[in-house]
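First up is the structure itself, then whatever we jot down about it.
FYI, it's all coordinate maths here, none of it is from the lab. Because the structure is predicted, anything quoted here is derived from the model rather than measured. A quick note on method: Cβ atoms are made from the backbone with ideal geometry, for glycine too, and the neighbour counts reach across all protein chains shown.
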Amino acid sequence: MTSSEPANIDRHLVTRFLNTGDERAFRQLYRNHTPNLYPLALRLAGGSETDAQDALQETWIRACNKLGRFEWKSSLRTWLTGILINCVRESNRELRQRREEELTGDYTGTHTEPSLAGIDLDQLITRLPSGYRHVLTLHDIEGYTHEEIGRFLDISPGTSKSQLFHARQVLRSMLREESVAK
């Protein structure tokens, strides 16, 4: 299979879906791309399966609504990834707003960090601040360039590089803490 074959298959399936409403074509697109999108959604959503599934569902809804305007300037996978990232970011924003509304100025609860003993790398990544987690996941795990990440997250490539640097520092610190705790 050449590198252009998946793109040709995607174009054919998209055309069939758009021209005839062929549900089989849509299901094939879904089967072709969801296995790559779900792990990304899960990482970006901080490990919450429910939030990842919600973001993935919203991604496909938006993709269906916008598919006729997709210009094929990137791969379908890259385009779907951009939609997914926006869905997760919007969900994170809404969650943050709800938490802020729940917390009154009188809040005096104490917060304790969970023990790091026995936590795997994916669990540590979920504990990173969302900006760090998103850039680290997109760059180090998914293999996107800083330019692509910048377009996805609406940040400059320099900011992406900075976020990645700091994410790696925080992750190293967490790993050191874990090894000391054992």
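Considering only the other residues whose Cβ falls under 12 Å of the Cβ of PRO39, what net charge follows from Lys and Arg at +1 and Asp and Glu at -1? Combined, the nearby Lys, Arg, Asp and Glu give -2. Placing a label point 7 Å from the Cα of TYR38 along the Cα-to-Cβ line, no residue of the range 126-140 has its backbone N under 17 Å from it.
Could you tell me which trypsin sites (Lys or Arg not before Pro) in the range 1-93 are loop residues by DSSP with no more than 16 other beta carbons within 10 angstrom of their beta carbon?
Working: sites: ARG11, ARG16, ARG24, ARG27, ARG31, ARG43, ARG62, LYS66, ARG69, LYS73, ARG77, ARG89, ARG93; in loops: LYS73.
For trypsin sites (Lys or Arg not before Pro) across the range 1-93 that sit outside H, G, I, E and B with at most 16 neighbouring Cβ atoms in 10 Å, the list reads LYS73.
Here the simple spin-label model places points 7 Å from the Cα toward Cβ, and for ARG24 and LYS161 these points are separated by 5.0 nm.
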